[in-house]
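The values are calculated or read from the model by the stated rules, or taken from the named source; none is laboratory data. Owing to the predicted nature of the structure, the values given are computational and were not obtained by experimental measurement. Backbone-built Cβ (ideal geometry, glycine too); neighbour counts: all protein chains shown. For accessibility, only protein heavy atoms count, side chains too; no ligands or nucleic acids. Shrake-Rupley method; radii C 1.70, N 1.55, O 1.52, S 1.80 Å.
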Amino acid sequence: MFIFLFFFGGQFCRADSQKFGEYEVKAAFIYNFAKFVTWPEGRFKGGKSTIDLCVYGSGFPVNAFDYFNGKTAQGYIFKTKRIKNLSNIDGCDMLYIGPSERYQITQIINTIKNMPILTIGDTEGFAEKGVIINLYMEDDKVRFEININACKKAGLVISSQLLKLARIIQ
Amino acid sequence: MGVRHNFFNNESLKRSILISFLSVLLTIFLQHFCYGLEKEEDPLSKLARLNLEDLMNIKVETVYSASKFIQKTTEAPSHVSIITSSDIKRYGYRRLADVINSVSGFYISHDRNYHYLGVRGFSPPGDCNTRILLLIDGHRINDNIYNTAYIGNEFILDVDLIDRIEVIRGPSSSIYGSNAFLGIINIITKRGKDINKMEISAEAGSFDTYKNRLTFGREFNKNMDVLISASFFKSHGQSLYYKEFDNLATNNGWADGADGERYNSFFINTRYRDFNLQGAYITREKIIPTAPWGTEFNTHMTNTTDTYGYLNLKFKKDVDKDTSFISRLFYNHYYYDGNYLLNRPPLVRTKDQAWGKSWGAELQYNRRVFEKHLIASGFEYQDNFLQKQRNYDESPYVIYLNDRRNSNQWGIFLQDEFTVFDNLVLNAGIRHDYFKFFNGNTSTRAALIYKPLEKTALKFLYGEAFRVPNMYELYYNDGNLTQKANPDLDPEKIKTYEIVLEQYYKNLQLSLSGFYYKVKNLIALTTDASDGLLVFRNKDEAEAKGIEFEVHGKWQYNIETKLNYTFQQATDKNTGRLLVNSPRHLVKSNFFIPIIENKLSGGLGFEYSGKRKTLGGRYAGGALITNLNLLSQNILKGLEISGTIYNILDKKYGFPASGEHTQQVIEQDGRCFRLKLTCLF
């Protein structure tokens, strides 16, 4: 009976829901960040209707973002895309940099320089190296730190609501 | 033999009624949830709706015990299962043994005094649960006389105070030393902030069983957190029938009023800044109805009392993001008091007692070096300043054993987690242990963890472990009447090989593993043919091989399902025969079904253990045990009510008995229930 239920019970409930793991929670954080950042004026002129999150490097399952794709933030549509190299980051408003890039992170930050892009990571030491928001784990819970200087350089304004929840890196 | 009960009388009728009732009920639930409430949302959309403050309170699954630092379960160098406090509530688990019995690959036995644990087919009758290391927040609970991992009501911590349990399969001697032989169970306790003020809980169950618990817990500020709890348990027990004693002189086989049990336990857990002070204490008394060791049948005079307590002071400091430091200072106290009514003649009460006292310290230092290496190193010292066993008749006074010793032991370990590539991790560890009574022993472990895809992990595991004989195995004798000592015993050793595949697929989490375990010098209670006395001997080799499969699903409307299957074959390597008390098949399955969101839920558990060979060469039949728990929360604010029926189908089953019993098989409880109320203030 229980074998029957196990296999057919699921059939009744189409298997479209996902497991609630670390990356889903982190993805939810990243989506929420889009709501609390003000990009420089002019960024969204000319009919741009999306906030684009680009995912660079590996170590983070991109499909964790699937659910948030198409949701809105500040009236714009949140869109994710994977990019293979940094030559076409012009269209990115947010850039997630995976743990695989930890040895190249300084170069990457230099490439982006002062572009108005919210850089995000979830690797130890990224914030110190100039990534604006870095996620980390504490007591099995997701936390984040913000590098204020990097944020200023990018010309972004982060809402105080977000700042008060973050660990601040000067 | 049998347990007196009075529900239905016709066995097959009641079974078919219950099966059909349950099937219909479950099918209705599932259909109702899927088609009836089409607009109900799935968990991810709930995640999307949460604001940042809420998100910051979501816990993510990680594991600590496998290598003494926090890791994701897929990166742990072992095959790991985690059970949380919500599982304990959902399925109505009463004691640690109930929880462990739901974990894939594990099985329990119970001789109506203690609960015993088996894994990978090893659970020889007469063993005192010495091959599993039991830890509470990293503190060793196995005592220093019998080295027992207590998992029944004699376990020191009320299960309601458990935050989560990490079950780690395979040897971990390279980290934890002796007894981490077949696996470790690490209990992570609740803190004050998990209780938030006050909890009062009252339970009543079959056979006049009552339990009360009072817990106070609070986080005063970021620096200070306090939890204090007390639990009181009392059970009158059942009248039990044993056909082996069915004659006029022994009450026609009925043991009346000889199954009583009670315990009082206390727990305190405080944290101030980086310091954590923990104290626990239990005293538990059980009357033994089975008349072991040739004692008189049908008496409450044969009973045991186990008292255990510890204090553990821990200091944990994260020096910087790459370096952390832990030091511990602890004290353990154990006292066992056994009363056995024997007709020598005359009728005498024999006292069997043991005292174990120890203190110890541990230092651990973790550091990341060269970016890709995470090093854990540590040193542990334990001084067993009292290890005493005594056995005597009260009146006339005759002393058979008075053995008083002390010993010390230390261990030093080093482990490196080397991230070779982003998807390839090598975890290797080595530990050296020294014991006063033995030569040193060195254990190693190596794990290669490969993640070819984002949701796939492949683990290749090799482990070594050892177990030093305990004081009981080495020095116990009852004046050479039935049992003699063997101070020449050698430690047992094990080598294991295991491959684990972990795969996430949509809403499913799958794991598949194959294992081969080989034990040398296995210690077992045997009879010396020359004098007929029981004695512990290093037997030859034993081996176990098998496969294990588990699938864990999370569905819409928060339905959760789990199914696992283990096939294992544990044999004596010389004779090729299957080991005693070693089922070849284990199947467990759980269903959690919310009936009214956040208010009412059902938890259904199935546990099947295949037939097990008894000491006499017969078999204790396999049995499928079904438990159902209904849990109501939030209907009245601060009130939690749960009702559980255990062994719904009233299945008759039993476990192979150890050598001191006349019985071949000790029968277990039939259908019984429990009602539990918890108030939160």
Item to complete: Would you check if there is a residue in the range B:510-533 being of a type outside the set (A, V, I, L, M, F, W, C), in contact with a helix residue (DSSP H, G or I) (Cβ under 7 Å, 6 or more places away or on another chain), away from chain A (no Cβ under 14 Å) and assigned to a loop (DSSP other than H, G, I, E, B)?
Response: no
Practice prompt. Could you check how many residues of the range B:488-517 are of a type in the set (Gly, Ala, Ser) and crowded, with 16+ Cβ neighbours inside 10 Å?
Written response: 2
Worksheet item: Taking the range B:308-323 only, how many residues are in contact with a strand residue (DSSP E or B) (Cβ under 8 Å, 6 or more places away or on another chain), assigned to a strand (DSSP E or B) and either among the aromatic types (Phe, Trp, Tyr) or surrounded by fewer than 18 Cβ atoms within 10 Å (Cβ to Cβ) (or both)?
Response: 11
Discussion item. Scan the range B:315-327 and tell me whether some residue there is of a type in the set (A, V, I, L, M), more than 26 Å from A:Met137 (Cβ to Cβ) and modelled with pLDDT of 90 or more.
Written reply: no
Worksheet item: Hey, B:His585 hits all of (1) over 21 Å from the mean Cα position of the chain (by Cα); (2) free of Cβ contacts under 8 Å to residues at least 40 places away in the same chain but one; which does it fall short on?
Response: (1)
Discussion item. Looking only at the range A:83-119, filter to residues that are closer than 18 Å to A:Phe33 by Cα and within 14 Å of chain B (Cβ to nearest Cβ); which one of those is surrounded by the most Cβ atoms within 10 Å (Cβ to Cβ)?
Written reply: A:Ile97
Item to complete: For residues that are open to solvent by 20 Å² or more (accessible area, probe 1.4 Å), assigned to a strand (DSSP E or B) and modelled with pLDDT of 90 or more, tally how many sit in the range B:445-487.
Response: 8
Discussion item. I'm trying to understand the selection: among the residues of the range B:534-553, which are closer than 30 Å to B:Leu600 by Cα and in contact with a helix residue (DSSP H, G or I) (Cβ under 7 Å, 6 or more places away or on another chain)?
Written reply: B:Gly553
Worksheet item: Only one residue in B:Thr270, B:Thr304, B:Thr283, B:Thr299 is part of a loop (DSSP other than H, G, I, E, B) and either among the β-branched types (Val, Ile, Thr) or within 28 Å of the chain's Cα centre (by Cα) (or both). Which one?
Response: B:Thr299
Worksheet item: Could you list, in sequence order, the residues of the range B:351-373 that are among the small types (Gly, Ala, Ser) and either surrounded by fewer than 18 Cβ atoms within 10 Å (Cβ to Cβ) or within 14 Å of chain A (Cβ to nearest Cβ) (or both)?
Response: B:Ala361
Worksheet entry | Identity of the residue in the range B:427-443, in a strand (DSSP E or B) and surrounded by fewer than 17 Cβ atoms within 10 Å (Cβ to Cβ), that ends up modelled with the lowest pLDDT | B:Asn439
Discussion item. Among (1) buried (at least 19 other Cβ atoms within 10 Å of the Cβ); (2) more than 22 Å from B:Pro289 (Cα to Cα); (3) out of contact with any Pro (no Cβ under 9 Å at 6 or more places or on another chain); (4) in contact (Cβ under 8 Å) with a residue 24 or more places away in the chain, there is one condition B:Phe606 misses while meeting the rest; what is its number?
Written reply: (4)
Worksheet entry | Answer from B:Asn406, B:Asn391, B:Asn384 - the residue that is open to solvent by less than 20 Å² (accessible area, probe 1.4 Å), touching a Leu at 6+ places or on another chain (Cβ under 9 Å) and of a type outside the set (A, V, I, L, M, F, W, C) | B:Asn391
Discussion item. Considering only residues that are more than 30 Å from B:Gln663 (Cα to Cα) and open to solvent by 70 Å² or more (accessible area, probe 1.4 Å), which ones fall in the range B:217-236?
Written reply: B:Arg218, B:Glu219, B:Phe220, B:Asn221, B:Lys222, B:Met224, B:Ile228, B:Phe232
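Any idea which residue in the range B:561-577 is farthest from the other protein chains (Cβ to nearest Cβ), counting only those that are of a type outside the set (Val, Ile, Thr) and more than 20 Å from B:Phe181 (Cβ to Cβ)?
Top of the filtered list is B:Asn574.
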Worksheet item: Do we have any residue at all in the range B:237-245 that's open to solvent by 60 Å² or more (accessible area, probe 1.4 Å), more than 20 Å from B:Ala657 (Cβ to Cβ) and either touching a helix residue (DSSP H, G or I) at 6+ places or on another chain (Cβ under 8 Å) or outside any strand (DSSP E or B) (or both)?
Response: no
Discussion item. Regarding the range B:335-350, can at least one residue be identified that is in contact (Cβ under 8 Å) with a residue 12 or more places away in the chain, farther than 30 Å from B:Ala291 by Cβ, small (Gly, Ala, Ser) and open to solvent by less than 50 Å² (accessible area, probe 1.4 Å)?
Written reply: no
Worksheet, complete the sentence: Among residues of the range B:539-560 being more than 14 Å from every other protein chain (Cβ to nearest Cβ) and open to solvent by 50 Å² or more (accessible area, probe 1.4 Å), the residue modelled with the lowest pLDDT is B:Asp540
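Taking the range B:563-582 on its own, how many of its residues are open to solvent by 10 Å² or more (accessible area, probe 1.4 Å), in contact with a Phe, Trp or Tyr (Cβ under 8 Å, 6 or more places away or on another chain) and touching a residue at least 60 places away in the same chain (Cβ under 8 Å)? Don't jump to the end; show me each part of the working.
Pass one, the range B:563-582, residues open to solvent by 10 Å² or more (accessible area, probe 1.4 Å): B:563, B:565, B:567, B:569, B:571-580.
Still in the running and in contact with a Phe, Trp or Tyr (Cβ under 8 Å, 6 or more places away or on another chain): B:563, B:565, B:579.
Filter once more, keeping what is touching a residue at least 60 places away in the same chain (Cβ under 8 Å): B:565, B:579.
Summing the residues that are open to solvent by 10 Å² or more (accessible area, probe 1.4 Å), in contact with a Phe, Trp or Tyr (Cβ under 8 Å, 6 or more places away or on another chain) and touching a residue at least 60 places away in the same chain (Cβ under 8 Å) in the range B:563-582 gives 2.
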Practice prompt. Taking the residues in the range B:652-681 that are charged (D, E, K, R), crowded, with 16+ Cβ neighbours inside 10 Å and touching a strand residue (DSSP E or B) at 6+ places or on another chain (Cβ under 8 Å) as candidates, determine which candidate is farthest from B:Lys243 (Cα to Cα).
Written response: B:Lys676
Discussion item. With the structure loaded, tell me whether B:Lys599 is within 12 Å of chain A (Cβ to nearest Cβ) and among the basic types (Lys, Arg) or whether it fails that test.
Written reply: no
Worksheet, complete the sentence: Scanning the range B:408-458 residue by residue, the ones that are away from chain A (no Cβ under 14 Å), of a type in the set (S, T, N, Q) and under 30 Å from A:Pro61 (Cβ atoms) total 2
Item to complete: Output the residues belonging to the range B:72-90 that are within 14 Å of another protein chain (Cβ to nearest Cβ), part of a helix (DSSP H, G or I) and in contact with a strand residue (DSSP E or B) (Cβ under 7 Å, 6 or more places away or on another chain).
Response: B:Thr73, B:Thr74, B:Glu75, B:Ser85
Fill in: Test: B:Ala149 is out of contact with any Pro (no Cβ under 7 Å at 6 or more places or on another chain), small (Gly, Ala, Ser), under 24 Å from B:Glu285 (Cβ atoms) and modelled with pLDDT under 95
yes
